[in-house]
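Report on the following structure.
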Number of protein chains: 2
Amino acid sequence: MDYLIPPDLLGIVAGTFTTISFLPQLLKTWNTKSAKDVSLGMFILFIGGVILWCAYGFEIHSSPVIIANMVTLIIASMILTMKLYFENSN
Amino acid sequence: MDYLIPPDLLGIVAGTFTTISFLPQLLKTWNTKSAKDVSLGMFILFIGGVILWCAYGFEIHSSPVIIANMVTLIIASMILTMKLYFENSN
């Protein structure tokens, strides 16, 4: 079956978007030293889900799913850490 | 190959986590009528990425990837709309 964009390439582009999307939030939180409006519950559930997506990626042998979720896990964990740190230091 | 958890079930659980993770943010933004600390760039890039993940899900025939990303797309779009609305009405 022919695809307009090969699945692996599409997965890599999709993963790049959802992964780098957390960078503006990371920078914003770092610059403003505030993440009051960012939901704690969101980041806890999201990080749990991203860990499960990594496991799913290993099971279906999808490199884009594994790599994108591993990088997202690192960035989302940094945002969560900053949110907790800034809230406790204010 | 045997898995501890079948891939489709794992994908559904992972998708449920990352999808429902946006609900606390949706409720928080609705209740506080503020999403000042939530990055606009994050939601724009994230929504773009989620649309691409849907396309990837169709190409690899992965129902969990398709369904999770479609629901996430709806919720993330609602958060983005609220953020823009509250910022322009304040």
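The values are calculated or read from the model by the stated rules, or taken from the named source; none is laboratory data. A quick note: this is a predicted structure, and the numbers were derived from the prediction, not measured. Quick reminder, even Gly has a Cβ in these numbers, built from the backbone with ideal geometry, and neighbours come from all protein chains shown.
Odds and ends about this structure:
- Filter pass, B:LEU4 being without any contact (Cβ under 8 Å) to a residue 60 or more places away in the chain and surrounded by fewer than 18 Cβ atoms within 10 Å (Cβ to Cβ): yes
- Those helices (runs of 4 or more DSSP H) lying entirely in the stretch B:1-78 with at least 2 residues at positive phi and modelled with pLDDT of 95 or more: none
- Any pair with Cβ under 6 angstrom, 6 or more apart, that starts in the stretch A:42-58 at a residue that is free of Cβ contacts under 8 Å to residues at least 24 places away in the same chain and of a type in the set (Gly, Ala, Ser) and ends at one that is assigned to a helix (DSSP H, G or I) and surrounded by fewer than 21 Cβ atoms within 10 Å (Cβ to Cβ): A:GLY48/B:PHE17; A:GLY49/B:PHE17; A:GLY57/A:ILE66
- Qualifying residue in the stretch A:16-25 (condition: closer than 11 Å to B:ASP37 by Cα, in contact (Cβ under 8 Å) with a residue 12 or more places away in the chain and touching a helix residue (DSSP H, G or I) at 6+ places or on another chain (Cβ under 9 Å)): yes
- Answer residue from the stretch B:60-75, given it is crowded, with 19+ Cβ neighbours inside 10 Å and either within 12 Å of A:PHE17 (Cβ to Cβ) or not aliphatic (A, V, I, L, M) (or both) and is farthest from the chain's Cα centre (by Cα) among those: B:SER62
- You will find that of A:LEU10, A:LEU80, A:LEU84, A:LEU52, the residue that is surrounded by fewer than 16 Cβ atoms within 10 Å (Cβ to Cβ) and among the aliphatic types (A, V, I, L, M) is A:LEU84 and no other.
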